Amino acid sequence: MRLIIMGPPGAGKGTQAAFIAERFGIPAISTGDIFRANVSQGTELGVEAKRYMDAGQYVPDEVTNNMVRSRLAEDDTAPGFLLDGYPRTVAQVHELDSMLEESGRSIDAVVVLTVDQDEVVQRLLQRALEQGRADDTEDVIRTRQQVYADETAPLINVYRERGCLVEIDGMGQVDEVTSRIFDALDTTKG
Ligand code: AMP
């Protein structure tokens, strides 16, 4: 299975990604997690990414694309992978298309979690309390939602037109959402 999971900030992508990855025995590749690991290790990539992340802005496509390209070249992606948080711009979609084409692979399904905006802000503020993420302050959350609406929401139509979009109601208990995703993916696989 080669999958993408999308949704606005706070939709529960990371949580659901872990369950999906476990179920299909594939690595969950979160660009946000890779950036955060680089930030905490103080790498050059981390220093560059942090400026954007703290402001709720996207890290430049070139930096992100190169990072994903090398990650997708690793052996553990042979049985498949789940991309969490990538692609996030139309340019990244095209870059991913060519990365996959070069290695003779393609995406099976794009899972989109749909959520209620107000509920999402509450979730993110809760996460700020629990995990202390620097980009979970209310101002930055608003910026991230706006950036998602402007840059990433248009990708939903791109994948819908390709016929691989799987829209999932992301509201409710975590395990309910997980079941919805599994049911939908089982149907998709046919
Ligand atoms: P996330 O954990 O997916 O919410 O990502 C946290 C932050 O990392 C985002 O707000 C961006 O600053 C950066 N980031 C993660 N993925 C991408 C991407 N595909 N393109 C650009 N920036 C990204």
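Only the coordinates and a few stated rules stand behind these numbers; no lab work does. Keep in mind that what you see is a predicted model, and the values were worked out from it rather than measured. Ideal geometry is used to build each Cβ from the backbone, glycine not excepted, and the neighbour counts take in all protein chains shown.
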**Report entry** Distance from segment 128-160 to segment 27-82 (C-alpha centre basis), Å
**Finding:** 16
Query raised in the report: How many nm separate the modelled label positions at Val63 and Val158, each set 7 Å beyond the Cα in the direction of the Cβ?
Result: 2.0
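Take the Cα pairs of segment 118-167, get the Kirkwood Rh, then feed it into Stokes-Einstein at 25 °C and 0.890 mPa s and tell me D in µm²/s. Before the final figure, lay out the partial values.
Working: Rh = 12.4 Å.
Here the translational diffusion coefficient equals 198 µm²/s.
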**Report entry** Cβ charges +1 (Lys, Arg) and -1 (Asp, Glu), total dipole of segment 90-190, debye
**Finding:** 100
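Normalising by the residue count of the chain, find the relative contact order in percent from Cα pairs under 8 Å and 6+ residues apart.
Details: 248 pairs, mean separation 62.3, N = 190.
Computed over the chain, the figure is 33 percent.
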Report summary line: Treating only Lys and Arg (+1) and Asp and Glu (-1) as charged, each at its beta carbon, one finds that the chain has a dipole about its Cα centre, in Debye to the nearest 20, of 100
Query - Dipole moment magnitude, nearest 20 debye, segment 11-105 about Cα centre, only Lys, Arg, Asp, Glu C-beta charged - result: 340
Requested in this report: Can you find, among Ala73, Val93, Ile156, the residue farthest towards the positive end of the dipole of the chain? Put +1 on the C-beta of Lys and Arg, -1 on that of Asp and Glu.
Outcome: Ala73
Requested in this report: Multiply the residue gap between Glu102 and Thr143 by 0.36 nm, knock off their C-alpha separation, and tell me the result in nm, one decimal place.
Outcome: 11.3 nm
Report task. Give me D for the chain in µm² s⁻¹, whole number, from Stokes-Einstein with Rh from the Kirkwood sum over alpha-carbon pairs, 25 °C and 0.890 mPa s. Result -> 145
